[in-house]
Amino acid sequence: MEHQLSVDPAAAVTALLPCYWLYDEIADYWKDQTSPVPVYQAFFDSYQTVGFDTSTQQLIGLVNELAANSSETVKQQMITAFLRSSSYELGFWQMAYTHQTWADLADN
């Protein structure tokens, strides 16, 4: 995030979007499910609110507005920020799925 702020504020805002969007989609996908694990249920419950969905839609709108009013250079920075942030989100979930820790990554 610090790097994106140094690139352009629009890129920094765009870098936030994959996290919001992914969690909103996960919450929507699992909305009719319950988990026997309380911590997972608390996670689902926190993202299955109208407020979170609304904030996600507002962030999508803001990113679209920023892109519409940005130069081609800034648009490319925004795309790069979105893709990089999406890659980190994927890595985060992959680490959880495979039970990796940050120490495991340091060993590589």
> Expressed in nm to one decimal, what extension gain is obtained for the pair residue 86 and residue 25 from 0.36 nm per residue of sequence separation less their Cα-Cα distance?
Replying inline: 20.6 nm
> What whole-number value in Å² describes the accessible area per residue of the chain for a 1.4 Å probe?
Replying inline: 70 Å²
> Considering only 86, 23, 64, whose Cα is most displaced toward the positive end of the charge dipole of the chain, charges sitting on Cβ of Lys, Arg (+1) and Asp, Glu (-1)?
Replying inline: 64
> Taking all protein chains as present, what is the carbon and sulfur share of the accessible area of the range 7-59, in % to the nearest whole number, probe 1.4 Å?
Replying inline: 61 percent
> Want the number for residue 45 to residue 79: 0.36 nm per residue separation, take away the alpha-carbon distance, what's left?
Replying inline: 9.2 nm
>> If I fit a long axis through the Cα atoms of helix 50-68 and take the longest principal axis of the Cα atoms of the chain, what angle between them do I get, 0 to 90°, rounded to 10?
In response: 20 degrees
> Quick one: how many Å² of residue 50 are accessible to a 1.4 Å probe, rounded to 10?
Replying inline: 120 Å²
> Quick one: how many Å² of residue 3 are accessible to a 1.4 Å probe, rounded to 10?
Replying inline: 110 Å²
>> Counting only helical runs of four or more DSSP H residues, what would the 222 nm mean residue ellipticity of the chain come to if each run contributes -39,500 (n - 2.57) and the total is spread over all its residues?
In response: -26500 deg cm²/dmol
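The values are calculated or read from the model by the stated rules, or taken from the named source; none is laboratory data. Every value quoted in this text rests on a predicted model; they were computed, and no experiment measured them. Neighbour counts are summed over all protein chains in view; Cβ atoms, including those assigned to glycine, are modelled from backbone coordinates with ideal geometry. To get the accessible areas, we keep the full protein, side chains included, count just its heavy atoms, and leave off ligands, DNA and RNA. Shrake-Rupley method; radii C 1.70, N 1.55, O 1.52, S 1.80 Å.
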